[in-house]
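First comes the structure, then the notes that go with it.
Values quoted throughout were computed directly from the atomic coordinates according to the rules given, and no laboratory measurement underlies them. Everything quoted here is computed from the prediction, not taken from an experiment. Backbone-built Cβ (ideal geometry, glycine too); neighbour counts: all protein chains shown.
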Amino acid sequence: MYSAILLKQNPAIKVIHVIDTDNSLTGPIYDIGQIDTSTVIMHYKRNSIINALHDIDIVALMDETHFSMGNKEPFYQFESSSNYVKNITECIINTCPKALIAVFTRPVTATLPLISEICKLSGTWNPNKIIGSASLESMRISAMEQQYMLINQLRSVDKYLYGSETKGPTLSSGLAAAKFISTLINGFKDQSISIGSAYVRSDIFPFCHYMTSQIQFGPNGIQRNFGFPKVSSSEILLIEEAAV
């Protein structure tokens, strides 16, 4: 819901359709609708998915189940989300096959290839329009860098910093998703500020069909893949070992 709150404040968005998969968001969505911005937010229950997907340009496929940070293995995440991803993808194919699909459902490294294969079987596959988010990971790395710099600054004046996290990063996940979707919208509107990290179909390495890299987005999804930074032959071998 944090993503919906943040995206409702984006004037480039006309309408947000929220699919309530467990029918528990009627109250919160009504509340968000009272925010005085031009973006309209509409609530759809699980049995109205087809109606929700009509005339949609971008589909953000979010987690159906909340996984607290650090306590669920990727295999369990995929096992829990695969049927949900399959069902939503089939609805997209039948309702808005030309929509850009932004994949947030964890683990993205497994759910995005699953979506791709389903689209291939239906004859609607366009790898430039199936984009996996790496926004939360990028934001965490940036935050760690800032915290490291702050800790060093505090140490230099004999101060101490203590932090404790007891819950999953719901707010940070929502913010990261909203930023990523806004970047896709900028690309959709053919604006220059539309570059971000994403997990996409790639031919950078012959041994790996999907890779995270810096992407420039455009009206048709991926406009330019900036590829991989310069690496040595030994580093390539290490990447191959990790991928295989």
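Has the range 42-51 got at least one residue that is under 27 Å from residue 243 (Cβ atoms) and of a type in the set (Gly, Ala, Ser)?
Checked the range 42-51: no residue is under 27 Å from residue 243 (Cβ atoms) and of a type in the set (Gly, Ala, Ser).
Name the residues in the range 23-51 that are closer than 18 Å to residue 89 by Cα, within 22 Å of the chain's Cα centre (by Cα) and of a type outside the set (Val, Ile, Thr), would you?
Answer for the range 23-51, where residues must be closer than 18 Å to residue 89 by Cα, within 22 Å of the chain's Cα centre (by Cα) and of a type outside the set (Val, Ile, Thr): 44, 45, 46.
Among the residues of the range 93-141, how many are over 23 Å from residue 55 (Cα atoms), in contact (Cβ under 8 Å) with a residue 24 or more places away in the chain and assigned to a helix (DSSP H, G or I)?
12
Scan the range 1-44 residue by residue and report those that are hydroxyl-bearing (Ser, Thr, Tyr) and out of contact with any helix residue (DSSP H, G or I) (no Cβ under 9 Å at 6 or more places or on another chain).
The answer is 24, 26, 30, 37, 38.
Can you pull out every residue in the range 5-55 that is touching a Gly at 6+ places or on another chain (Cβ under 8 Å) and assigned to a helix (DSSP H, G or I)?
Result: 5, 6.
Those residues that are touching a residue at least 24 places away in the same chain (Cβ under 8 Å) and either touching a Lys or Arg at 6+ places or on another chain (Cβ under 8 Å) or of a type outside the set (Gly, Ala, Ser) (or both), I need them from the range 227-244; list them, please.
228, 236, 239, 240, 244
Here are some conditions: (1) outside any helix (DSSP H, G or I); (2) surrounded by 12 or more Cβ atoms within 10 Å (Cβ to Cβ); (3) free of Cβ contacts under 8 Å to residues at least 60 places away in the same chain. Residue 215 meets all but one. Which one does it not meet?
Condition (3) is where residue 215 drops out.
Which ones in the range 188-219 are over 22 Å from residue 59 (Cβ atoms) and charged (D, E, K, R)?
Across the range 188-219, the qualifying residue is only 203.
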